[in-house]
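Engineer: Okay, here's the structure, questions in a sec.
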Amino acid sequence: MPNAPLRAVIFDIGRVLVKLDLARAIAGLRQGISLSPAELWSAVEKDPRWHDWQEGRISPHDWHLHITQRLGSPLKFEEFCEAWNRSLDPAPIHSDDLFASIAKKHKLALLSNTDPIHVAHLESTFSFFQFFPPRTRIYSCSVRASKPSPVVFQAALKAVKTPACQAVFIDDIPEYVQAARSLGLHGIQYLNPEQLRSDLRALDPGFAL
């Protein structure tokens, strides 16, 4: 158990709350492009402006123009957004009762490396956002920094008004969990729903999960 009572639970989104299906997105983005799926995604993820996109230094329209011109894609902006959002599986990983249970005694926050197109789609699609006040939704594209930067973790702690030692961060990527721990937060590497509930109960027996 932690020395101080747990007050806040901070979640990553991708592969923790929402399943990702890059193949569906790539299928839509490949229209008119001769690259293989692997080559296409590598070109996007390794694009020199990728971090600018993830950290809010380039607008959705400018990102669309940049990527489509670079890859020779014929997709118009609306078509591009639709294809881009196909990577977000519409079936949530957890039922809302998980968040309702946690919210009874703990503050909730989101901390995600993501972009404005995904944010708009996520917030309009998934019901679990009702448990996360807008001020506690920390996105890399909003704070102009991304995990594992201390800046994003500090923004999340400020949003929930909780010291690091009384917060837990949940992510599927070990590097990001370790970054949180290095700043004094508790960290849980997400593997599956059952493991998450078990680890939360181990951290704080007060969880009725």
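The values are calculated or read from the model by the stated rules, or taken from the named source; none is laboratory data. Here the structure is a predicted model, which is why all the values come from computation and not from measurement. All Cβ positions, even for glycine, are placed from backbone atoms using ideal geometry, and neighbour counts span all protein chains on display. The area values use the complete protein model at the heavy-atom level, side chains included, leaving out ligands, DNA and RNA. Shrake-Rupley method; radii C 1.70, N 1.55, O 1.52, S 1.80 Å.
Engineer: Tell me, please, whether a residue that is closer than 16 Å to residue 108 by Cβ and charged (D, E, K, R) can be found in the range 172-189.
Structural biologist: The answer is no; no qualifying residue exists.
Engineer: Going by the conditions given, is residue 178 over 22 Å from residue 101 (Cβ atoms) and not in a strand (DSSP E or B)?
Structural biologist: It is true that residue 178 is over 22 Å from residue 101 (Cβ atoms) and not in a strand (DSSP E or B).
Engineer: Taking residue 9 as the residue in question, decide whether it is farther than 21 Å from residue 121 by Cβ and in contact (Cβ under 8 Å) with a residue 40 or more places away in the chain.
Structural biologist: Judged against the criteria, residue 9 is a match.
Engineer: If you don't mind, there's one more thing I want to ask. Considering only residues of the range 179-209 that are touching a residue at least 24 places away in the same chain (Cβ under 8 Å) and open to solvent by 60 Å² or more (accessible area, probe 1.4 Å), which is farthest from residue 150 (Cα to Cα)? Can you show your working first?
Structural biologist: Going residue by residue through the range 179-209, those that are touching a residue at least 24 places away in the same chain (Cβ under 8 Å) are 179-180, 183, 185-186, 190, 193, 196-197, 200, 203-209.
Checking which are open to solvent by 60 Å² or more (accessible area, probe 1.4 Å) leaves us with 183, 205, 208.
Working: 183: 8, 205: 29, 208: 31 Å.
If we take residues in the range 179-209 being touching a residue at least 24 places away in the same chain (Cβ under 8 Å) and open to solvent by 60 Å² or more (accessible area, probe 1.4 Å), then 208 is farthest from residue 150 (Cα to Cα).
Engineer: Exactly one of (1) farther than 26 Å from residue 149 by Cα; (2) out of contact with any helix residue (DSSP H, G or I) (no Cβ under 8 Å at 6 or more places or on another chain); (3) modelled with pLDDT under 95; (4) charged (D, E, K, R) is unmet by residue 70. Its number?
Structural biologist: Going through (1) farther than 26 Å from residue 149 by Cα; (2) out of contact with any helix residue (DSSP H, G or I) (no Cβ under 8 Å at 6 or more places or on another chain); (3) modelled with pLDDT under 95; (4) charged (D, E, K, R) one by one, residue 70 breaks only (2).
Engineer: Which ones in the range 106-128 are more than 23 Å from residue 177 (Cβ to Cβ) and either of a type in the set (Phe, Trp, Tyr) or in contact (Cβ under 8 Å) with a residue 24 or more places away in the chain (or both)?
Structural biologist: 116, 117, 121, 125, 127
Engineer: Now for a different question. Please enumerate the residues belonging to the range 56-92 that are buried (at least 17 other Cβ atoms within 10 Å of the Cβ), of a type outside the set (Gly, Ala, Ser) and in contact with a strand residue (DSSP E or B) (Cβ under 9 Å, 6 or more places away or on another chain).
Structural biologist: The answer is 88, and nothing else.
Engineer: Further question: Anything in the range 7-45 that is in a loop (DSSP other than H, G, I, E, B), of a type outside the set (Gly, Ala, Ser) and farther than 30 Å from residue 185 by Cβ? List them, or say none. Talk me through it step by step, then tell me what you get.
Structural biologist: Residues of the range 7-45 in a loop (DSSP other than H, G, I, E, B): 7, 12-13, 15-17, 21, 30-36.
Remaining after also requiring of a type outside the set (Gly, Ala, Ser): 7, 12-13, 15-17, 21, 30-31, 33, 35.
Within the range 7-45, 30, 31, 33, 35 qualify.
Engineer: Here's a follow-up. I'm checking my understanding of the structure. Among residues of the range 116-133 that are open to solvent by 60 Å² or more (accessible area, probe 1.4 Å) and in contact with an Asp or Glu (Cβ under 9 Å, 6 or more places away or on another chain), which one is farthest from residue 16 (Cα to Cα)?
Structural biologist: That would be 130.
Engineer: Sticking with this structure for a sec: Looking only at the range 38-53, which residues are open to solvent by less than 20 Å² (accessible area, probe 1.4 Å) and more than 17 Å from residue 26 (Cα to Cα)?
Structural biologist: 53
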